[in-house]
Amino acid sequence: MNTVSGFSKFTKIQKIDFLAENYFNDPNSIRDLIQSFWHSDEKSQMTFDEFSENTITNFFFPYGVVPNLLLNNKSYCVPMVIEESSVVAAAANASNYWAKRGGVRAEILSFEKIGQIHFIYKESRQSLFDFFERVKPEILREVAPLADNMQKRGGGILEMSLKDLSGLEEGLFQIFMTFDTQDAMGANFINSILEMAGRLFKEKSQKEGISIEIIMGILSNYTPKCLVKASLSCKISELEDPKLGMSGLDFAKRFEWAVKISKADVYRATTHNKGIMNGIDSVILATGNDFRAVEACAHAYAARSGRYQGLTEIALTNDTFNYSLEIPLSLGTVGGLTSLHPLAKLSLTMLGNPNAKELMRICAAIGLLQNFSAIRSLVTSGIQKGHMKMHLLNILNHMGATDEERELAKEYFKTRIISFKAVSEFLSSRRILQ
Ligand code: MEV
């Protein structure tokens with residue numbers, strides 16, 4: 001048994017020693033491996049260590065860039081952090097393709113965050129609503145100091161209302177609050193206000209002999225009114241491309257089918273949306289935002305009709321190809337990791353220090369381009385061709401191929417099916433021959 005007590009109190013070296021000695025056969029090489037991923041600058045390493053708990057080292061991910069994103073007539077070079085082969089290449093490809101066709105348009109449709117306080121109450125519904133309306137202005141006044149700074153930046157609390165959920169769960173009620181958190185993602189701001197508002201609501205109810213039990217107060221990661229729309233549009237004839245092996249119209253129609261399938265079938269919808277999130281998550285990670293929050297929200301939004309569906313919309317009208325993505329994105333460009341992580345800072349600088357709304361537009365644009373690229377491949381050549389090209393490099397790295405072998409393999413596999421076995425056989429045969 002490798003259980004341990006007080007692990008969090010160990011120093012970093014003690015933690016590594018414990019792991020190396022208890023989980024591996026060769027503790028010394030494990031120690032070396034772990035330490036080889038430390039930052040060479042001690043102060044920088046400390047910053048990373050302090051982001052989380054029980055930190056022993058860093059986990060590297062590739063940081064790539066997509067130049068030539070033309071969005072609302074402005075050019076961006078977009079940072080993307082992702083390990084999956086082909087994602088950055090696909091986004092770059094689609095960016096170049098659309099830059100020649102007018103670029104991406106994106107607009108903010110709404111900009112509002114949400115928090116909830118859930119509580120239990122089992123007496124007269126009307127008295128609760130009367131009481132709530134009476135104490136609401138007092139609560140808003142008393143929590144106002146917490147919103148002072150946010151208000152100075154143009155944000156603050158927008159609305160506070162009472163919802164009766166007792167039809168779903170006996171005795172369940174909810175205080176529903178909306179916020180404008182400007183350029184902050186706003187989790188701390190919202191949660192502090194909710195906890196204080198919950199306490200005040202409880203105190204005031206006690207004074208009036210009303211029996212409520214607060215269960216919890218927390219922001220909601222579902223922000224359907226923090227919405228951005230990105231769109232692509234061009235004449236169908238402009239989609240004509242000899243590489244497609246079909247006419248622009250045939251391509252557009254096959255593309256339309258792919259989108260219809262994502263509306264009709266949940267299995268396809270999930271993969272369709274996963275492709276969109278390949279792009280969005282990569283930018284979210286590169287800018288120090290919370291990809292779990294954005295993922296959870298995107299998928300809830302995809303199911304808003306009661307059925308999980310693809311997030312993009314297509315319309316082929318008047319000889320025009322119109323393709324769009326509407327997605328809620330709750331992002332921050334100040335606070336949190338955005339200023340603490342040196343590479344998140346670098347990403348934001350590379351993007352021209354966008355505010356939260358601009359970052360929403362950029363992410364939606366990349367999500368749509370990413371999806372465009374995937375669908376374009378899927379309905380024409382299939383995606384394996386591009387994917388396997390990148391995969392070949394991973395296999396060659398894994399097999400310790402030399403530079404010369406890499407070049408020969410790239411040439412050889414241009415016209416052959418790539419698999420682990422085939423690459424291994426290719427390398428062995430060459431190595432035997434030498
Ligand atoms: C792979 O990570 C993403 C795709 O499967 C997306 C899609 O099928 O639309 C290529």
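With the dipole of region 1-107 worked out from charges on the C-beta (+1 for Lys and Arg, -1 for Asp and Glu) around the Cα centre, which of 56, 78, 96 lies farthest toward the positive end? Checking the options against the dipole of region 1-107, the answer is 96. Scoring 188-199, 116-127 by mean Cβ neighbours within 10 Å over their residues and listing the highest first yields 188-199, 116-127.
In the chain, helices alone account for a calculated mean residue ellipticity at 222 nm of -16500 deg cm²/dmol, with every DSSP H run of four or more residues adding -39,500 (n - 2.57). Could you list the residues of region 408-434 with an amide nitrogen less than 18 Å from a label point located 7 Å from the Cα of residue 402 in the Cα-to-C-beta direction? From region 408-434, the list is 408-412, 424-434.
Rounded to the nearest Hz, the phi-derived 3J(HN,Hα) couplings of region 237-246 under the Karplus curve 6.51 cos²θ - 1.76 cosθ + 1.60 (θ = phi - 60°) are 5, 6, 7, 3, 7, x, 5, 6, x, 7, where x marks glycine and proline.
Principal-axis analysis of the Cα atoms of the chain puts helix 42-51 at an angle of about 60° to the longest axis. Scoring 283-293, 136-146, 265-275 by mean Cβ neighbours within 10 Å over their residues and listing the highest first yields 283-293, 265-275, 136-146. Cross-link partners for residue 204 among the aspartates and glutamates, with Cα-Cα distance under 17 Å and sequence neighbours closer than 8 places in the same chain left out: 123, 130, 133, 138, 142, 195, 213. In units of the rule-of-thumb radius 2.2 N^0.38 Å, the chain shows an alpha carbon radius of gyration of 1.19. Nearest 10 degrees, 0 to 90: what angle lies between the long axis of helix 248-264 and the longest principal axis of the chain (Cα atoms)? Helix 248-264 sits roughly 40 degrees off the main axis of the chain. Look at 234, 77, 226 and count the other Cβ atoms within 10 Å of each Cβ; fewest to most, that gives 77, 234, 226. Using the Karplus relation 6.51 cos²θ - 1.76 cosθ + 1.60 with θ = phi - 60°, the per-residue 3J(HN,Hα) values for region 393-409 come to 5, 4, 5, 5, 4, 4, 8, x, 5, 7, 4, 5, 5, 4, 5, 5, 5 Hz, with x marking Gly and Pro.
For the chain, the longest principal axis of the Cα atoms and the long axis of helix 266-286 meet at an angle of about 90 degrees.
With each label modelled as a point 7 angstrom along the Cα→C-beta vector, the residue 101-residue 9 pair spans 6.3 nm. Placing unit charges on each Cβ (+1 for Lys and Arg, -1 for Asp and Glu) gives the chain a dipole about its Cα centre, and among 135, 44, 350 the Cα reaching farthest toward its positive end belongs to 350.
As a rough footprinting exposure proxy, the listed residues 208, 326 were ranked by other beta carbons within 10 Å of their own, and the order from fewest upward is 208, 326. A simple rule links phi to the HN-Hα coupling: the Karplus curve 6.51 cos²θ - 1.76 cosθ + 1.60 with θ = phi - 60°, which for region 359-371 gives 5, 4, 5, 5, 5, 5, 4, 5, x, 5, 5, 4, 5 Hz, with x for Gly and Pro. Think of each Lys and Arg Cβ as +1 and each Asp and Glu Cβ as -1; about the Cα centre, that makes the dipole of region 7-51 roughly 140 debye. Working value for region 288-434: equivalent-ellipsoid semi-axes of 39, 24, 14 Å, each the square root of 5 times a Cα gyration tensor eigenvalue, largest first.
Read-outs: derived from the displayed coordinates by stated rules, not from any lab. These figures come from a predicted structure and were not determined experimentally. Methodologically, a virtual Cβ is constructed for each residue, glycine included, from the backbone with ideal geometry; neighbour enumeration extends over all protein chains shown.
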